[in-house]
Amino acid sequence: MEKMKIAVASKNPAKIRAVSEACAELNLNVEVIAAETESGVAAQPFSLSETRLGAVNRATAALAAGADLAIGLEGGVYELEGILYLCNWGAMATADGAIFTAAGAQIPLPETIAEQLRAGRELGPVMDDFANETGVRKHIGAIGILTAGGVDRGEMFGHVVKLLIGQFQYYSG
């Protein structure tokens, strides 16, 4: 069977690793390529719908890399009952125009972080400051810090990737 080419709509190592590892766990014969794309939404998505749209826009744009399938992964935040939550969405676009979406883990953010996001800062730099690290979004992510390493960003997105691939297989087969 010929290798299927899957484009990841990012050069972020955590997102590329999430797709690669999910495909390996599912025993898929794929070539994963990185294709940096724009989300078409705010740098810090601030709702479930904006975060989902960012993932869809990235996946759709990444098809231009000559892939059979493209996966966009987008992290964001949303407010519920006065509490700001971390959220993440994934989208898969196929060469024939189908779009599949899925969401993953959602946890409340500490108010000290939420205040900075409401003031206009992006989560990545806020988490770098909070954790006194650099490049948190490229490895464990906010989820890794806020779960004391229990779930890292790659694992979180990996689950979403499996949901996307599963839908694709279900509806294709």
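Shown for segment 64-173: the carbon plus sulfur share of the solvent-accessible area, taken with all protein chains present and a 1.4 angstrom probe, equals 53%. Between A24 and A119, the FRET efficiency from the beta-carbon distance, with R0 = 35 Å, is close to 0.30.
What does the net charge come to around D68 if you take all other residues with beta carbon closer than 13 Å to its beta carbon, with K and R at +1 and D and E at -1?
-1
Normalised by the number of residues in the chain, the mean separation of alpha-carbon contacts (under 8 Å, six or more apart) gives a relative contact order of 21 percent. Here the simple spin-label model places points 7 Å from the Cα toward Cβ, and for K5 and K138 these points are separated by 2.6 nm.
With all protein chains kept in place, the per residue accessible area of the chain amounts to 48 square angstrom at a probe of 1.4 angstrom. Among complete DSSP H helices in the chain, those whose alpha-carbon atoms stretch at least 20 Å along the helix's long axis and whose mean Kyte-Doolittle hydropathy reaches -1.0 are 48-62, 153-172.
Put simply, segment 1-47 fits an ellipsoid with semi-axes of 25, 12, 9 Å; these come from the alpha carbon gyration tensor as the roots of five times its eigenvalues, largest first. The residue list L117, I140, G97 was ranked by how far each Cα lies along the charge dipole of segment 31-173 toward its positive end, using unit charges on Cβ atoms, and G97 comes out on top.
Of the residues V8, V30, L163, the one whose Cα sits farthest towards the positive end of the charge dipole of the chain is V30 (charges of +1 on Lys and Arg Cβ, -1 on Asp and Glu Cβ, taken about the Cα centre). Rolled with a 1.4 Å probe across the full set of protein chains, the surface gives R58 an accessible area near 40 Å².
Entry note, the chain: the mean residue ellipticity at 222 nm calculated from DSSP H runs of n ≥ 4, each adding -39500 (n - 2.57), is -12500 deg cm²/dmol after division by the residues and rounding to the nearest 500. About the centre of its Cα atoms, the chain shows a dipole size close to 280 debye [charges on the beta carbon of Lys, Arg (+1) and Asp, Glu (-1) only; nearest 20 debye]. Percent of alpha carbon pairs in segment 20-114 separated by more than 16 Å? Percent of Cα pairs beyond 16 Å in segment 20-114: 59.
The values are calculated or read from the model by the stated rules, or taken from the named source; none is laboratory data. Because the structure is predicted, anything quoted here is derived from the model rather than measured. When we count neighbours, we look across all protein chains shown, and the Cβ atoms used for this are built from the backbone with ideal geometry, even at glycine. All accessible areas refer to the heavy atoms of the entire protein, side chains included, with ligands and DNA or RNA removed. Shrake-Rupley method; radii C 1.70, N 1.55, O 1.52, S 1.80 Å.
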